[in-house]
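Peer 1: Next up is a structure, given as structure tokens.
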């Protein structure tokens, strides 16, 4: 009887391992596929979308540098991301801290208003925001996209921080206050470091949100030197034609920095997690 | 007792942090939302006040309710698929039974990194009738190819899969971060008691993760109810209206049909419905966790 | 890794300063390059032009703009060029708030949206002052852009959106001697092609525009005739009229007998063209622009085997079987806010991309200019382009639905057609639904 259970359990573990492994493979597949498909010609691609390139060529990458203005697109995307992401992290951490730790009047309403930000389809705000920015003279500027990118990424991040900080014992702060720590010091030097595990998640999400954003970048800026990478990517399609493999090479160019950054961050996530565990 | 004094809002921090950040948010999100509401109670071109006429039209609009139904179906898939699978995988990580932990942890998150447009584009190739991987696999078993994205009977399921697939990694990471916060002693204690994986997960981990679970569900539901990019790229809501979702319907009205005020009405309608669903769910799950 | 508190506070302050600063510096620069009057620098006129001619096919247009820059050093021409799909989104957004560029490419449908709002200027005065320019255009080329006698757009091309490209060799192999001349022959031919294992007609209708635009527009005209369309626009004819319903029925019939590739609604035009190029499909229905695609991308044997035809006549149809949906479609329009020197510069720019010289360059690149080109080098044309002009020489243009109708109506018809193709709606119900939307447009 006992032996029988352990066998099913063993089978169960093997099965779970296999399922998780298959899922991981499927997660890896698109990136591998993009990489090798970008080395094909359009002709070869139209014959089979899945086959390995018979004679790999870099022609798509060479062409990509002649499409639109890739240099300024990379610069714009990188600049937007570098400016907004730290601001998103700090703003959402602060609000998340207030929400999880401090009781004040209007907190419920404020939370609801931030929650609303997660529920609005961004296209609903495209025209209003354009009108508003036009009126304020904020259109077509190097920094035009900063405010929308912060504001649209903050709600999700706030809720992540909020839930994470709720899980941290209040005794830590109480002890800090006993030692004479100020409010600012407690928030930034005591609690902020503990939030590292969730911070990495927030960082990655904000990077993605900023890096991949399309609609605002399209509408709020019109000068070609302010175009970001997602706008640049559309230049592979004309009204009636699309350069498929060229576009895939473009996708590799735009996705690779993020993937590399994730691989970098993933280490931080793990160290952060152990840090979090130790503190517990 | 001293807690309540320590954790009370004081003027200094409020003015230093709360007010400026909230003003930026209000200016960039709430004000446009108000303008959008203004559009929705005016006629096209905003020349005349029409009251709730657009909302009445929306309530009678079959296509909108059909899109909502699709949204709800996709959301149910997403909750079970994304949050459910992610939680199960994350709980495996708390046991010592999974092989290649490092590899999984690294790779499961990768799809999240892809832009939604890339995911949609990629899956439309996977679903391709003639050259897609899926029909190629079916062919190996001598099964007739399937029109994954053309058949109105299952296009909705076809478009849900990539969505679920892409974001499992996100919830996985969120759960993992939350689980690392559970003290080792509690887990070890339960192991000494001889709890199985299932018991440990349901009776020990899950109650401790109530907050995280609540946030994950809110993220998942709000994200899926306003889902747009994936479907826009794969089917555009088609064929016909088979895979139409609310955000796509609002987009079509505002940007393809030049009906901005009706498009705004749909978006506000979405916001209201979404708020009702989320608040109801939040109350149902998080009762005492909210305090 | 961890910043000090002071640094954090600094960042927050910077955030505020940046947002306030934006308002300030944004304002000062907007007078310089915005849609305003640009009086600031009197000697240099700044003109903005919105267009989507960014790919190979648009090289002629871009060259013409470059040439204009050289000839008019006093004008600072700023291009706002993005691909077609995002261009449409952007123009709707700009249009919703009345902030269009000085000059922009617009189709008839977009103009129908802008004209009542007073965003676009009339060309009547400019055209009347320059008879040579005005008379150079082909007949009816202003139709799509005229409302109440005012012309709001100058066409940039004039072509048929409906051509059936067919592979003569595959037709012969299937036992079809020549392209069918009647509807029965056409459906019989489709049956024969299907029996020989081919996809009869390859189309990619993912964006739901192609079938509606390049196939249904012409098919509908065969049944309804152009007079019905005019009456419908005036409100005296309805979509529920039997003529129109019959056209919908005929389209659904084609789908039922398996005329199209089964994945028609999930692939795009490029993928459909690939089917034709790989000899998997015997026909493809596409616009005149495909002449360029075939000449450039098709394997040589496909290009030489390709013949061109149009839809045959239909039983009981009221339309002229020698007509195809077509016309000038896209135009250049100018912002109603333009005045004085700025407007003059805009008009002269428009002349440079619509006159004789531009027409000659365009036709020699296998394009279809909206002007009567007096002299051009025929040897520069691809054989298919020559065939195209031969095919069109005795044809008349009938209305293009997506150009002549308001955007909301177009979306309902075209999306409905997609539904019709998968059998999701009956022709009668679809007709009713379209008419309901038509009724809301006064």
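Peer 1: Among A:72, C:266, A:6, C:122, what is the fewest-to-most ranking by other Cβ atoms within 10 Å?
Peer 2: Fewest-to-most ranking of A:72, C:266, A:6, C:122: A:6, A:72, C:122, C:266.
Peer 1: Estimate the FRET efficiency between residue C:172 and residue B:154 by the formula 1/(1 + (r/R0)^6), using the beta-carbon distance for r and 51 Å for R0, to the nearest 0.05.
Peer 2: About 0.85, to the nearest 0.05.
Peer 1: While we're on this one: Quote the Stokes-Einstein diffusion coefficient, in whole µm² s⁻¹, for the protein assembly as shown, based on the Kirkwood radius over alpha carbon pairs, a temperature of 10 °C and a viscosity of 1.306 mPa s.
Peer 2: 52 µm²/s
Peer 1: If you take each beta carbon of peptide B:270-280 and count the beta carbons of other chains within 10 angstrom, what is the mean?
Peer 2: 3
Peer 1: Who wins for biggest fluctuation among C:190, C:400, C:347 in a Gaussian network model of chain C, springs between alpha carbons below 10 Å?
Peer 2: Of the options given, C:347 has the highest mean-square fluctuation.
Peer 1: Using 1/(1 + (r/R0)^6) with R0 = 25 angstrom and r between the beta carbons of residue C:241 and residue C:313, what's the FRET efficiency to the nearest 0.05?
Peer 2: That pair, residue C:241 with residue C:313, gives E of 0.80.
Peer 1: Moving on to the next point. Fewest first, what order do A:134, C:173, B:226 take by the number of other Cβ atoms within 10 Å?
Peer 2: C:173, A:134, B:226
Peer 1: With contacts defined as alpha carbon pairs under 8 Å and 6 or more residues apart, what's the relative contact order of chain B in percent?
Peer 2: Once normalised by length, the contact order is 27 percent.
Peer 1: Need one number: the % of Cα-Cα pairs in the stretch A:7-47 sitting beyond the 16 Å mark.
Peer 2: Of all Cα-Cα pairs in the stretch A:7-47, 57 percent lie more than 16 Å apart.
Peer 1: What is the distance in Å between the Cα centres of the stretch C:94-122 and the stretch A:115-142?
Peer 2: 21 Å
Peer 1: Moving on. Quick one: grab the alpha carbon gyration tensor of chain C, order the square roots of its eigenvalues as a ≥ b ≥ c, and give me rounded if a/c is under 1.5, else prolate or oblate depending on whether a/b is larger than b/c.
Peer 2: prolate
Peer 1: Any idea how far the Cα center of the stretch B:97-113 sits from the one of the stretch B:114-136, in Å?
Peer 2: 22 Å
Peer 1: So, one more: Rounding to the nearest 10 and keeping the result within 0 to 90°, find how far the Cα-based axis of helix C:407-421 lies from the longest principal axis of chain C.
Peer 2: The helix C:407-421 is inclined about 30 degrees to chain C.
Peer 1: Roughly how many nanometres apart are two label points built 7 Å out from the Cα toward the Cβ at residue B:8 and residue B:47?
Peer 2: In this crude spin-label approximation the distance works out to 5.8 nm.
Peer 1: Also, I was wondering about something else. I'd like the mean, over residues of B:32-38, of how many other protein chain beta carbons sit within 10 Å of each residue's own Cβ.
Peer 2: 6
Peer 1: Something else now. Using only Cα atoms, tell me the angle between helix C:5-33 and the longest principal axis of chain C; keep it within 0 to 90° and round to the nearest 10.
Peer 2: It is inclined by approximately 80 degrees.
Peer 1: If each residue's Cβ is checked for other Cβ atoms within 10 Å, how do C:144, A:174 rank with the fewest at the top?
Peer 2: Fewest-to-most ranking of C:144, A:174: A:174, C:144.
Peer 1: Averaged across A:15-27, how many Cβ atoms of other chains sit within 10 Å of each residue's Cβ atom?
Peer 2: 6
Peer 1: Can you give me the Kirkwood hydrodynamic radius for chain B, using every pair of distinct Cα atoms, in Å to one decimal?
Peer 2: 22.2 Å
Peer 1: Here is a follow-up. With the cut-off at 1.5 for a/c, could you classify the stretch C:236-317 from its C-alpha gyration tensor as rounded, prolate or oblate?
Peer 2: Prolate.
Peer 1: Then there's this: As a test, work out the antiparallel percent of DSSP beta bridges whose residues both lie in chain C, rounded to the nearest 5.
Peer 2: Roughly 55 percent of the DSSP beta bridges within chain C come out antiparallel.
Peer 1: Rounded to the nearest whole Å³, what is the per residue volume of the convex hull around the Cα atoms of the stretch B:38-145?
Peer 2: So the per-residue hull volume is 219 Å³.
Peer 1: While we're here: May I ask you to derive the relative contact order of the stretch A:59-279, considering only C-alpha pairs under 8 Å and at least 6 residues apart, and to give it as an integer percent?
Peer 2: Averaging sequence separation for qualifying contacts and normalising by length gives 37 percent for the stretch A:59-279.
Peer 1: Output the direction-averaged projected area (hull surface divided by four) of the convex hull of the alpha-carbon atoms of chain A, in nm².
Peer 2: Computed as one quarter of the Cα hull surface, the answer is 22.8 nm².
Peer 1: Between the stretch B:159-229 and the stretch C:397-442, how far is it from one alpha carbon centroid to the other, in angstrom?
Peer 2: 47 Å
Peer 1: If you line up the long axis of helix C:242-256 against the longest principal axis of chain C, both from Cα atoms, how many degrees apart are they, to the nearest 10?
Peer 2: Helix C:242-256 sits roughly 80 degrees off the main axis of chain C.
Peer 1: Tally the DSSP beta bridges in the protein assembly as shown and give the antiparallel ones as a percent, rounded to 5.
Peer 2: Of those bridges, close to 55 percent are antiparallel.
Peer 1: Any idea what the relative contact order of chain C is, in percent, if you count C-alpha pairs under 8 Å spaced at least 6 apart?
Peer 2: 24 percent
Peer 1: In deg cm²/dmol, rounded to 500, what helix-only [θ] at 222 nm does the protein assembly as shown give when every DSSP H run of at least 4 residues adds -39500 (n - 2.57) and the total is split over its residues?
Peer 2: The per-residue figure over the protein assembly as shown is -18500 deg cm²/dmol.
None of the figures in this text is laboratory data; all of them are computed from the coordinates on show. Values in this document were obtained by computation on a predicted structure and should not be read as measured data. Quick reminder, even Gly has a Cβ in these numbers, built from the backbone with ideal geometry, and neighbours come from all protein chains shown.
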